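Input: a single structure, listed below in structure tokens.
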Amino acid sequence: MAKNDPYAALKIKEFNIFLFVRFLLVFGWSMQFIVIEWQVYSITKDPLSLGIIGLMEIIPAFSMALFAGHIVDQKEKRNLLAVCTAAFSLISLMLFILTTDTITQSWEINSILYSIYALVFFGGFLRSFFGPTIFSLVALLVPKKIYHNAATWSTSTWKTAAVSGSLAAGFLISGIGVDYTLLLVFILVILSLIFTFFIQKKPILNTNIGEPMAQSLKAGLRFVFKNKAILGVLTLDMIAVLFGGTVAILSVFAQDILKVGPEGFGLLNASISMGSIVTMFLTTYIPINKKTGKKMLISVFLFGVSIIAFGLSSIFWVSVLALFVSGAADGISMVIRQTILQLKTPDEMRGRVSSVNSMFVGSSNELGAFESGLAAKIMGPVAAVVFGGTMTLITVVTTGVVNPTLRNLDLTNEIEENEKA
């Protein structure tokens, strides 16, 4: 096998532009997410309202996922990304307007709250297109032999933007207010839209243009459910995220349990992504290809343990450390999942497979947010988080026992074959 070059994908100009565009988008989206959660909980003081945010996003994201994948496989990817980004900028602009003094002082609280939910709903619709478009575009920017390296850098960029966006949001809420923070998000999204056009249009590799939608969707689902490695990884991540997610109720811990301000809230959110970033950058030097399945099972198990530790902690720095470890463990599983998808998905089916991934893993974030908010409402935030972490541990053990395909997964051969191609 050729010597691993951790910077192979970064030697391609258009891939670097893509990373910059993705950084701006995710940075802005992460800031917007934090601001919305802070604003909604400040208005309602009800953890269930945070769960509703997740529900409002998952309904369109999940219901539109397969349709979006079909469209992505039929369309040119650069322009599709530009359209999605332009639509996202409108959401940011409307959120800014909703949080200005003029609106907050003249509108009823419920009107503002429902308007925020509506914009989140529209954002979920857009997200069903963002994921497949970005996943498909990566494969058109780099040669197949460095897909695994490109997947690692792309995911690392996403997490870097998420951590810095989360951290910045906490300080900006305190420094310039909710409304101007959302205005900054709008500016960043517009900037990302401009740089998107520095990427050339890419060929459509799907040879079945005009294929009936029902037939196209069946083909995508059939491929995923027949590929045991992909199905196993998606299922494990879906259940772990569904029960082990704590992000949705972090504002409850920040305000009511740890009693820290918006800066502390931002640090709690950022610590998760910071842990992911550290492990992702390490995997560019030490690829996770040998005994991949076992490493993923261990990482998800560690994720569950750290979530339980966070739930039981009442000390701020211990909570930050626990979330950092959870992010580190999640970062490993994320790199593994993205690498498997890039290596094992045919070019003409990337949009549909990525959409199924969104249904399994992406949507489970929002469904997990609703589950966390509901559980916190019923049993209290501490018990809800400990319950979620415990369910994650049970899931990992069960998966390791009943799914030998995932347990014995090894990517060494696939990566070596691509490097020889």
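On the basis of being surrounded by fewer than 20 Cβ atoms within 10 Å (Cβ to Cβ) and touching a Phe, Trp or Tyr at 6+ places or on another chain (Cβ under 9 Å), does residue 305 make the cut? So residue 305 does not fit the description; no. Output the residue which, of all residues in segment 31-51 that are of a type in the set (A, V, I, L, M) and at pLDDT below 80, is farthest from residue 161 (Cα to Cα). Across segment 31-51, the extreme among qualifying residues is 48. Listed here are the helices (runs of 4 or more DSSP H) enclosed by segment 219-331 that have at least 3 residues being modelled with pLDDT under 85 and among the aliphatic types (A, V, I, L, M): 228-244, 262-285.
The helices (runs of 4 or more DSSP H) found entirely in segment 38-119 that carry 2 or more residues being within 22 Å of residue 131 (Cβ to Cβ) and under 18 Å from the mean Cα position of the chain (by Cα) are 47-74, 77-98.
Scan segment 57-93 for residues that are among the acidic types (Asp, Glu), over 18 Å from residue 29 (Cα atoms) and either in contact with an Asp or Glu (Cβ under 9 Å, 6 or more places away or on another chain) or modelled with pLDDT of 90 or more (or both) and report the count. Break it down into steps so the answer makes sense when it comes.
Here is the first cut: in segment 57-93, the residues among the acidic types (Asp, Glu) are 57, 73, 76.
Filter once more, keeping what is over 18 Å from residue 29 (Cα atoms): 73, 76.
Cutting the leftovers down to either in contact with an Asp or Glu (Cβ under 9 Å, 6 or more places away or on another chain) or modelled with pLDDT of 90 or more (or both) gives us 73.
Residues meeting the conditions: 1.
Determine whether segment 57-70 contains at least one residue that is over 26 Å from residue 355 (Cα atoms) and in contact (Cβ under 8 Å) with a residue 60 or more places away in the chain. Looking through segment 57-70, none of the residues is over 26 Å from residue 355 (Cα atoms) and in contact (Cβ under 8 Å) with a residue 60 or more places away in the chain. Look at (1) aliphatic (A, V, I, L, M); (2) crowded, with 19+ Cβ neighbours inside 10 Å; (3) more than 23 Å from residue 282 (Cα to Cα) and you find that residue 26 fails only one, number (3). For segment 114-127, the criterion of being touching an Asp or Glu at 6+ places or on another chain (Cβ under 6 Å) and over 27 Å from residue 76 (Cα atoms) is met by none of the residues.
The values are calculated or read from the model by the stated rules, or taken from the named source; none is laboratory data. Treat the numbers as computed from the prediction; the structure is a model and nothing was measured. Here Cβ is always computed from backbone atoms with ideal geometry, including for glycine, and neighbour counts include all displayed protein chains.
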